[in-house]
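Read the structure below first, then the notes.
The values are calculated or read from the model by the stated rules, or taken from the named source; none is laboratory data. Computed from a prediction, not measured in an experiment: that's the story for all the values here. Using ideal geometry, Cβ is built from the backbone for each residue, glycine included, and neighbour counts are taken over all protein chains shown. Only protein heavy atoms, including side chains, enter the accessible area calculation; ligands, DNA and RNA are left aside. Shrake-Rupley method; radii C 1.70, N 1.55, O 1.52, S 1.80 Å.
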Amino acid sequence: MPGIQSTNYTQSTGRWAGDFGNRMAHIPGGIPLDKAAFLALFPDGIVPDGTLVGRTAAERDANGLFGPFTAGDTETYLTVDSINVNHNVNVAAYRPGCIVYPMHLPAGSKAAGPLAEIEKRYICNKGRE
């Protein structure tokens with residue numbers, strides 16, 4: 001997917017990712033985000049890295065965009081980079097089965113529902129302070 005840009009908006013980008021940030025840990029081509037859905041949560045447009053995103057099977061089959069994770073999403077990923085959806089909606093995604101340090105995830109991904117999904121799809125370790 002052309003147009004993926006990596007911009008570091010925070011000093012802690014990627015602290016939650018336990019695997020090397022190489023192409024083996026990323027979904028090839030990245031994923032497109034639903035701008036309107038994320039602007040409702042992040043009015044400044046900046047979606048933090050480590051945000052759990054998802055879509056249902058029906059949305060996937062219709063080539064739908066990824067929104068914030070909700071119960072019932074069947075295809076879910078963590079975003080690798082912080083992204084400003086006002087400038088670009090294509091973001092790199094972290095491959096399921098990779099290592100995650102939940103203590104370093106953004107607040108939205110640490111909520112009970114998203115965290116349960118992350119624990120189901122990724123290898124969760126404690127990590128360092």
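When Leu78, Leu115 are compared by accessible surface with a 1.4 Å probe, the order from highest to lowest is Leu115, Leu78. Under a 5 Å amide H cut-off, with hydrogens placed 1.01 Å from N, Ala17 pairs with Tyr101 among residues at least 5 apart or on other chains. At q = 0.18, 0.19, 0.23, 0.26 Å⁻¹ the log10 of I(q)/I(0) for segment 39-112 amounts to -0.73, -0.82, -1.18, -1.40, computed by Debye summation with a single uniform scatterer per C-alpha, solvent ignored. I want to make sure I understand the PRE zone here: with the label point 7 angstrom from the Cα of Lys120 toward its beta carbon, which residues in segment 48-66 have backbone N atoms less than 15 Å away? Under cut-off, by backbone N: 52-58.
Given their separation in residues at 0.36 nm each and the Cα-Cα distance between them, Asp44 and Thr74 gain 8.0 nm when the chain is fully extended. Surface composition of segment 57-124: carbon plus sulfur atoms contribute 55% of the solvent-accessible area (1.4 Å probe, protein chains only, all chains present).
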